[in-house]
Amino acid sequence: MAEPLDKAVRGCAATRELARSARAHGALLLAGAASPHEEWMSLVWGPRFDREHALGLLASRPGGGAAALPAVMAAADRFDSLASETKRRVRRLILRHEQRTLMRAV
């Protein structure tokens with residue numbers, strides 16, 4: 001019976017770590033994006049983190065992109081290692097954050 005709880009705890013910890021990384025490097029990764037939430041969703045929409053898209057975003061950032069590359073790739077590895085339900089939770093959190101951001105703007 002402890003196994004589902006252990007999985008949930010590990011999933012929450014991994015989600016918190018992804019959120020920390022997003023806060024630390026997201027501004028650089030998504031600088032100038034018309035819709036940052038849509039960009040995040042495009043990175044995590046599939047079963048694996050879209051590294052090619054992330055590399056494209058970083059390449060378009062003069063100078064600063066290279067510094068964030070190791071952290072972004074580490075976040076990609078963490079996302080890929082999550083269980084499917086935890087990946088869905090990450091997506092729901094992005095959508096919830098977008099809704100809250102829109103509500104504050106009104």
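The values are calculated or read from the model by the stated rules, or taken from the named source; none is laboratory data. In this text the structure is predicted, and so the values were computed from the model without any measurement. Every residue, glycine as well, gets a Cβ built from its backbone with ideal geometry; the counts of neighbours run over all protein chains shown. Quick note on the areas: whole protein, heavy atoms, side chains included, nothing else; ligands and nucleic acids left out. Shrake-Rupley method; radii C 1.70, N 1.55, O 1.52, S 1.80 Å.
Observations on the structure shown:
- The residue list 34, 76 contains one member that is part of a helix (DSSP H, G or I) and not β-branched (Val, Ile, Thr), which is 76.
- Close pairs from the range 84-100: first under 15 Å from residue 13 (Cβ atoms), partner open to solvent by 50 Å² or more (accessible area, probe 1.4 Å), Cβ under 8 Å, at least 6 apart: 87/47
- Residue 40 passes every criterion in (1) under 13 Å from residue 18 (Cα atoms); (2) open to solvent by less than 50 Å² (accessible area, probe 1.4 Å); (3) under 10 Å from the mean Cα position of the chain (by Cα) apart from (2).
- Residue match in the range 80-87 (condition: over 20 Å from residue 23 (Cβ atoms), among the polar types (S, T, N, Q) and assigned to a loop (DSSP other than H, G, I, E, B)): no
- Filter pass, residue 52 being in a helix (DSSP H, G or I) and loosely packed, with under 15 Cβ neighbours inside 10 Å: yes
- Extreme residue, nearest to residue 43 (Cα to Cα), among residues of the range 55-73 that are open to solvent by 60 Å² or more (accessible area, probe 1.4 Å) and assigned to a helix (DSSP H, G or I): 55
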